[in-house]
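The block underneath contains the structure these notes are about, expressed in structure tokens.
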Amino acid sequence: MAKTAMTHARLTPEVKKNAEAILREMGISVSSAYELFYRQIIAHRGLPFDARVPTRDTVDAMQDARDGKGNRYATVEEMFTDCGC
């Protein structure tokens, strides 16, 4: 049996370029990234991430978090007190 198998994928040029740039920064080859992805599919017995479309509120909250908006808490207890839990 062969030690490796070939796979082919069609990607938009922009996605390919951006992903490969990130992989280069990480020191990971495209082949290694594919291997990691496939191993995660096996380990999760499906996609290794949530493939649902997020709600508008979720998208807005994620953007707020990236922008550094929102409340910060010193402790979990402080957070629960603030949210009324």
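Values quoted throughout were computed directly from the atomic coordinates according to the rules given, and no laboratory measurement underlies them. Treat the numbers as computed from the prediction; the structure is a model and nothing was measured. Positions of Cβ are backbone-derived with ideal geometry, glycine not excepted, and every protein chain shown enters the neighbour counts.
Using +1 at the C-beta of Lys and Arg and -1 at the C-beta of Asp and Glu, which of Ile28, Asn71, Thr81 has the Cα lying farthest in the positive direction of the dipole of the chain?
Positive-most Cα among the choices belongs to Ile28.
Spin-label point model (7 Å from Cα, Cβ direction): what's the Met79 to Phe49 distance in nm?
Those two pseudo-labels are separated by 2.2 nm.
Using only DSSP helix segments of four residues or longer, with each worth -39500 (n - 2.57), what per-residue ellipticity at 222 nm results for the chain after dividing by its residue count and rounding to 500?
Values: 4 runs with 48 residues, N = 85.
Helix-only estimate at 222 nm: -17500 deg cm²/dmol.
Kirkwood hydrodynamic radius of segment 1-50 from all distinct Cα pairs, in Å? Write down the numbers at each step before the final one.
Details: mean 1/r = 0.0806 Å⁻¹.
Roughly 12.4 Å, rounded to one decimal.
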